[in-house]
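Undergrad: My structure is below; once you've seen it, I'll send some questions.
No lab work stands behind these numbers, since they all come straight from the coordinates. In this text the structure is predicted, and so the values were computed from the model without any measurement. Cβ: placed from backbone, ideal geometry, glycine included. Neighbour counts: every protein chain shown.
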Amino acid sequence: MTHDDAVRRMKNRLRLWGFPADAKTTRLHYFLKLDDPDQEPFVSMQFQCHSAAVLRPLMARIYRPRRETSAFRRLYVAQQERGMMSLLGIFDQDHAAAWELGIFVSHAPGIFTGKWKTETAQPLMELVPTQTAGTIEVLVNQAYRSIGVSYPERARTLGVVWGRFLRDLETELEDTAGALVRELVESLERSGETAVTDVPMTAAA
């Protein structure tokens, strides 16, 4: 497997799963050398989003239907979807306001020592939102007041929805990175290879 093959596989999967695989700001970082005694394989992503066009596919991925979903999970997903759509409706009216729902996912270099996904492992990626749950509540209140209404409870609820979305996205990022690693490792093992052939060190694309 070459570097180009690995990147193509990852981007195809990410595109299918609703991530902004083709955006100019998206970067993939990986280590794929199966016989390295000190470092297990990993994949991490770096990207940013600040519009409904990017957030909606991510929402669909995070809150996708799953097998054996409990009634509580279905209710939770429905509440999150309604809340996120409300937030998009408030902040996606113009380009400047859309940045309030911005998210930057960064790769954290230098933390990949020891075994990957152990109890003491560092996170593969860092999620940095433009706004926290608390500041979203304030901004929603301001947006409502700008049109002459006041819904403090609704604003508080939407702040909670945003906080939960960020938490759910962090979990999805970990799951996605793990899925990409498993697929690439299995492909290498099937072909009898132990590493991406033309990239001996940690690579980015």
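Undergrad: Can you give me the Cα centroid spacing of region 136-188 and region 1-53 in angstrom?
TA: 21
Undergrad: Still on this model: Hey, with R₀ at 25 Å, roughly what FRET efficiency would Asp35 and Arg8 work out to, going by the Cβ-Cβ distance, to 0.05?
TA: 0.60
Undergrad: Tell me which chymotrypsin sites (Phe, Trp or Tyr not before Pro) from region 38-77 have a DSSP coil assignment and no more than 13 other beta carbons within 10 Å of their own.
TA: Passing both the DSSP loop test and the Cβ count: no residue.
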